[in-house]
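Following: one structure in structure tokens, then a few remarks.
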Amino acid sequence: MNQRLGVCIVGSNGAVASTVIAGVALMRRGLSPRNGMVTESELVRGLKLAPLDGLVFGGWDLTRGSAYEAALRHEVVPRHLLDQVKEELEAIHPWPSVHSSRFLTAGVGKHAVTAGSFRKELEVLEGHIAAFKRAQGVERLVLLNLTSTEKFTEIGDVHRSVAAFEAGLDANDARISPAMKFLYLASKLGIPHANFTPSLSKVPALEELAAQRGVPIAGEDGKTGQTMLKTALAPAFAVRQLKVGGWFSMNILGNNDGLVLDDPAANKTKVTSKKKVLDSILGYAVPNHQVHIHYYKPRGDNKEAWDNIDLEGFLGETMQMKINFLCKDSILAAPLAIDIVRLLDCAEANGESGIQRQLSVFFKAPYHTEGETPEHDLFKQYQMLEEWVARTAMKKAQRKATHG
């Protein structure tokens, strides 16, 4: 079996993507430790995962330049490490991506597909994938969205059914975003897809299409820092019957993600995603739950997250907890992205399709069907992953016993 797995990244010159690409290059040469990844832990020992050595990267971006130049620009991976894999990174250049000013205005480059219609855009993107497969000799692919957050949008009639969506593509309906086009393309081509951004992509039409085509999908919005802590602490408060009277969260960051989120419409998309997590864990609507995100250029990729939590305990006495998490945005995100790619590929090999709920642990707003309440509790999410790993490993053992 060909062990090579092609990873097609939307936003391949971004901070997270360039960290992923550089990190894998460094790890497979033994130049960096394999930290932070579930797929490098004992949990998955019974699974047949694509090896890190077999991951091959390509992708789309609205800016030009090699993966090496992108990584230097973002200043996440130290230069002395980048220079040890410079030749490999310099060989990776992005394909032009699709763009809509309705959904993204800040931090946008000009390396865009110029086609006369949505259908022609999709033909160009499909051509990129076909050429990548030929050039790299890969048979299996995963499509991973790591690009900038799009402006907030609501689900409309064009998003409700596959037929309506297809008609919308024919009519160049402006309500169809770039993120949706990539999920549509992945579903049509039978490629597993993950949306690591908070941008709306899994509309009912595309959820239906992915299920029809037997494509596993996962999303949305990677759960990396502040929200990861929030979904770990909230279960503890619930266990101890400490009532949360308010939770004030603030983030400052100075990377391109922060610049994009300086746009109020994009900021709303992100804040909406981050605010969903508490109520279902605690079992009540938390009053005074506020989330604020601010662009502060000097901080770069070194995000700072502040939380003030107001609690009410025994005898109605009030207490406070304050957290100041000084973290590195892309360093937290990159290993999750690698895990998602390898586990999605495993899910496809196992014949699974549609929403992959076992991957909820990686996301702030896990994919779910309309009317379903997604699981946000970090520990219950991890249990979902553990149970899926055990079932998958058992199926593998049974197949091996049956076929020798």
Counting only residues in region 370-392 that are acidic (Asp, Glu) and in a loop (DSSP other than H, G, I, E, B), the one surrounded by the fewest Cβ atoms within 10 Å (Cβ to Cβ) is identified as GLU370
Given (1) of a type in the set (A, V, I, L, M); (2) open to solvent by 40 Å² or more (accessible area, probe 1.4 Å); (3) in contact with an Asp or Glu (Cβ under 8 Å, 6 or more places away or on another chain), index of the condition ILE355 fails | (2)
Is there a residue being within 18 Å of the chain's Cα centre (by Cα) and buried (at least 16 other Cβ atoms within 10 Å of the Cβ) anywhere in region 233-247?
-> no
Among the residues of region 96-116, write down those that are touching a residue at least 24 places away in the same chain (Cβ under 8 Å) and either closer than 12 Å to GLY59 by Cα or open to solvent by less than 30 Å² (accessible area, probe 1.4 Å) (or both).
-> PRO96, SER97, VAL98, SER100, PHE103, LEU104, ALA106, GLY109, HIS111
Out of the residues in region 117-131 that are touching a Leu at 6+ places or on another chain (Cβ under 8 Å) and either free of Cβ contacts under 8 Å to residues at least 12 places away in the same chain or not charged (D, E, K, R) (or both), state the one that is farthest from LEU5 (Cα to Cα).
-> PHE118
Residue that is open to solvent by less than 30 Å² (accessible area, probe 1.4 Å), in a helix (DSSP H, G or I), small (Gly, Ala, Ser) and closer than 25 Å to LEU359 by Cα, where the choices are ALA205, ALA218 | ALA205
Wholly within region 285-335, strands (runs of 3 or more DSSP E) carrying at least 1 residues that are in contact with a Cys (Cβ under 9 Å, 6 or more places away or on another chain), open to solvent by 80 Å² or more (accessible area, probe 1.4 Å) and without any contact (Cβ under 8 Å) to a residue 60 or more places away in the chain = none
Please state which one of LYS86, LYS133 is closer than 30 Å to GLY214 by Cα, assigned to a helix (DSSP H, G or I) and either modelled with pLDDT of 95 or more or open to solvent by 60 Å² or more (accessible area, probe 1.4 Å) (or both).
-> LYS133
Select from region 1-31 the residues that are surrounded by fewer than 18 Cβ atoms within 10 Å (Cβ to Cβ) and polar (S, T, N, Q) and write down the one among them that is farthest from the chain's Cα centre (by Cα).
-> ASN2
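The values are calculated or read from the model by the stated rules, or taken from the named source; none is laboratory data. Just so we're clear, the structure is a prediction, and the values are computed from it rather than from any experiment. Here Cβ is always computed from backbone atoms with ideal geometry, including for glycine, and neighbour counts include all displayed protein chains. Accessible surface is based on the protein model in full, side chains and every heavy atom, while ligands, DNA and RNA are left aside. Shrake-Rupley method; radii C 1.70, N 1.55, O 1.52, S 1.80 Å.
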